[in-house]
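Input: a single structure, listed below in structure tokens.
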Amino acid sequence: MQMNTGCLILAGGKSRRMGYRKSSLRLNGTTFLDKLIFELRDFPEILVSVDDAARHPEIPYSMIDDRYSDCGPMSGLYSALSVCESDALLVLPCDVPLFSGTLAHHLQEVMKHSDTDALICVTADDQIHPLCGIYRKSCTPVLKRCLDNGNLRIMDALNNLKVHFYHVEEDSWQLQNINTPEEYQKLTAKSCLAISGFKNSGKTTLMERLIPELIHRGLKVATVKHDGHSFEPDSPGTDSYRFWQAGVSASIVYDNDKYSIVKREPLQESAIAWLVGDADLVLLEGFKWSDYPKLILLTGSDEQNNSLLASASNCISYITADFSTEQLIQDTPVYCRDNIEAIADCILQHYHNGDLKHL
């Protein structure tokens with residue numbers, strides 16, 4: 001059956017736990033609302049549910065006022081379904097900034113082949129997300145009846161509808177709600193992972209192979225390397241090298257799409273998050289005795305390997321030259337250094353679980 005699907009973003013909540021409007025929170029410089037609008041840009045109709053459009057001059061999109069005042073998301077859903085041009089609406093709260101257009105279109109395809117009133121997302125922990133799903137216009141009478149009776153629980157309305165509960169499984173991280181300042185701080189903290197091991201263990205080579213794989217999977221990657229020896233900040237003979245040798249406190253070189261800066265002062269680790277800008281993941285080369293989450297390369301001598309196994313902390317996996325991926329060391333997975341896809345899978349799992357957030 002042909003079905004024309006639009007989108008509805010619920011932005012009329014009170015945001016009591018957050019303390020300010022969640023739609024205006026920013027992730028990498030973009031508001032939650034703008035990011036969702038961008039992800040859903042291919043849909044023919046996009047509506048934003050608010051309590052009163054006159055109170056939201058900051059929202060430049062098509063807004064739908066609640067027909068029932070102070071009745072929560074059910075009122076927003078009912079109001080939008082009553083006036084939308086689409087046959088159905090993909091519904092999302094404004095506080096799921098990680099939701100992707102890819103998942104949105106996948107849910108749309110599933111719904112096209114489902115003879116139900118609604119498709120509701122279920123995450124890997126079996127939690128039902130009634131505000132993340134697709135609702136057909138056929139839901140409108142049930143929603144109105146609930147509103148007229150003062151029953152504002154979405155789950156009660158679903159009990160009177162034909163519903164397909166769809167498990168999003170590995171995409172569950174995209175439905176993460178940001179409801180509190182603590183959750184927002186965790187979301188915006190930089191994710192970092194140390195690639196650690198002794199000298200000549202293959203750290204740089206592993207990073208060189210992992211970076212394009214992680215970029216291919218949608219991450220923006222930055223790197224930080226600690227040099228235990230004094231390094232030359234530029235090539236001898238260049239103008240900037242001559243300035244540096246003359247004693248400048250800072251040297252900047254730039255062109256139309258990049259720049260380099262060298263400063264004559266110690267780097268505070270707290271400044272790394274600012275320096276790497278909007279990178280999703282920061283790979284730290286070295287840092288083996290730090291508390292950062294890390295991959296540890298066990299490719300040195302037995303003495304060195306045993307030292308790392310005994311002392312290194314917060315290891316998410318070990319990398320070796322010859323172990324199979326099925327083996328474990330101290331309940332920690334072991335990967336062959338040539339199995340780049342499996343190592344990237346491991347990194348992405350911890351990234352999406354929030355285990356790598358530290359900076």
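The values are calculated or read from the model by the stated rules, or taken from the named source; none is laboratory data. Predicted model only: the values in this text are computed from it and were never measured. Note: ideal-geometry Cβ built from the backbone for every residue, glycine included; neighbour counts use all protein chains shown. When the accessible area is computed, the model is the full protein with side chains, heavy atoms only, and any ligands, DNA or RNA have been set aside. Shrake-Rupley method; radii C 1.70, N 1.55, O 1.52, S 1.80 Å.
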Revision key, fill the gap. Those residues of region 315-333 that are closer than 29 Å to GLN174 by Cβ and open to solvent by less than 80 Å² (accessible area, probe 1.4 Å) come to a total of 7
Study note, to complete from the structure: Among strands (runs of 3 or more DSSP E) entirely within region 44-140, at least 2 residues that are in contact (Cβ under 8 Å) with a residue 12 or more places away in the chain and crowded, with 23+ Cβ neighbours inside 10 Å occur in 46-50, 88-93, 118-122, 128-136
Check your understanding: Taking region 264-286 as the search range and keeping residues that are open to solvent by 50 Å² or more (accessible area, probe 1.4 Å) and under 32 Å from the mean Cα position of the chain (by Cα), which one is farthest from PRO212 (Cα to Cα)?
Key -> PRO266
**Study point:** Subset of region 229-263 [among the hydroxyl-bearing types (Ser, Thr, Tyr) and open to solvent by 70 Å² or more (accessible area, probe 1.4 Å)]
**Key:** SER230, SER249, TYR254, TYR259
Point to revise | Candidates LEU206, LEU143, LEU161, filtered to the one that is modelled with pLDDT of 90 or more, in contact with a helix residue (DSSP H, G or I) (Cβ under 7 Å, 6 or more places away or on another chain), in a helix (DSSP H, G or I) and not basic (Lys, Arg) | key: LEU143
Point to revise | Condition broken by SER235, with the remaining ones in (1) small (Gly, Ala, Ser); (2) without any contact (Cβ under 8 Å) to a residue 40 or more places away in the chain; (3) assigned to a helix (DSSP H, G or I) satisfied | key: (3)
Practice item. Could you list, in sequence order, all residues of region 25-43 that are touching a Leu at 6+ places or on another chain (Cβ under 7 Å) and either assigned to a helix (DSSP H, G or I) or open to solvent by 60 Å² or more (accessible area, probe 1.4 Å) (or both)? Key: PHE32, LYS35, LEU36
**Study point:** Hits in region 170-205 (condition: hydrophobic (A, V, I, L, M, F, W, C), open to solvent by 40 Å² or more (accessible area, probe 1.4 Å) and within 16 Å of the chain's Cα centre (by Cα))
**Key:** TRP173
